[in-house]
Amino acid sequence: MQTIDSYLDRIQNLPPAPQLLPPLLRLLREPDTDMARGIRLITHDPSLTTNVLRLANSAVFGCGRRVETLDEAVGRLGFETLYRMVVAVCGSRLLGPSQRGYGFDPGQLWQHSVTAAVAAQLLARECGEDESLAFTAGLLHDVGKLVLSQALEGRYAQVAEQVEKFGRSMLAAETALLGVQHAEVGGRLLDRWNFPPSLVQAVWHHHQPDAAGDFVRLAACTYAGNMIANLIGHSYGIHALALEGHASAVGSLGFDADRFQRCMIRTQEQFAEVESMVQVGH
């Protein structure tokens, strides 16, 4: 832990915390969700308020009468859809810029992450895990790369050499060059941002779900969502070559090959819906 904390403390420009997400997630998990509190949180972000109103009046959700207030918009969308839209929009702000240390062009990390989020949510639905937690973990599973990208800027050739010449996974390449890897950095960052332990552990151990303690299945959904994103083409550059497979992770969810393939197909379909949801808001 000290090594990771020391590393984060040395970084001058940590990514901004998505401050809305932890309190919204806590509200969502309450037995009797207080929508009014959620609406008050969103009103502090004028841009997000505009996004929500546009989405509620879009062709996807619109049903004739135009909604004018957040209360009406939430009534039309439902709190869970609202939450996922907020996660996706916050994710696009956080993950949208280029990450030169990893060779990501603008939008590529977000596209990979939101695909993993959709897949993780579908997998969670199939095996009885919390869908909103899984969606959030999938979206934020690579948030540690925002930090490490700064340290790797100008060293992408060295990362590529680690993967292509030495056949190392991305985690092993990062550890060899920096002494830390993105999953543990991302988990610690979420902990600093006051996300719940379930999300911290799912992100921290999304490459090794068996190490996630009480949250093995959520970490397994996150791992499998990441794999699906790569398998259906939302992986970029050397990253497709730098994966480590853990069959036990998918096995722990009780999925056979056919069921897993159906999730892949539905992920592709629903990714387009989430992408259009965010584009509606821009």
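Please find, within segment 154-192, the residue that is nearest to Ile11 (Cα to Cα) out of those that are crowded, with 20+ Cβ neighbours inside 10 Å and among the small types (Gly, Ala, Ser).
Step by step, filter segment 154-192, then rank; the result is Gly186.
Which number in (1) closer than 22 Å to Val274 by Cα; (2) of a type outside the set (Lys, Arg); (3) within 24 Å of the chain's Cα centre (by Cα) marks the one condition that Glu30 misses?
(1)
Mind telling me which of the residues Tyr236, Tyr223 ends up being at pLDDT below 75 and either buried (at least 16 other Cβ atoms within 10 Å of the Cβ) or aromatic (Phe, Trp, Tyr) (or both)?
Tyr236
Any residue in segment 265-282 that is in a helix (DSSP H, G or I) sitting within a Cβ distance under 8 Å of a residue that is surrounded by 15 or more Cβ atoms within 10 Å (Cβ to Cβ) and at pLDDT below 80? List the pairs, counting only those 6 or more apart or interchain.
The qualifying pairs are Phe271/His234.
Out of curiosity, is Ala151 in contact with a helix residue (DSSP H, G or I) (Cβ under 9 Å, 6 or more places away or on another chain), crowded, with 24+ Cβ neighbours inside 10 Å and of a type in the set (Gly, Ala, Ser)?
In short, no.
Please find, within segment 20-34, the residue that is nearest to Met85 (Cα to Cα) out of those that are in a loop (DSSP other than H, G, I, E, B) and in contact (Cβ under 8 Å) with a residue 60 or more places away in the chain.
Leu20
The values are calculated or read from the model by the stated rules, or taken from the named source; none is laboratory data. Please read all numbers here as calculations on a predicted model, not as lab measurements. In this analysis, Cβ positions are derived from the backbone assuming ideal geometry, glycine residues included, and neighbour counts consider all displayed protein chains.
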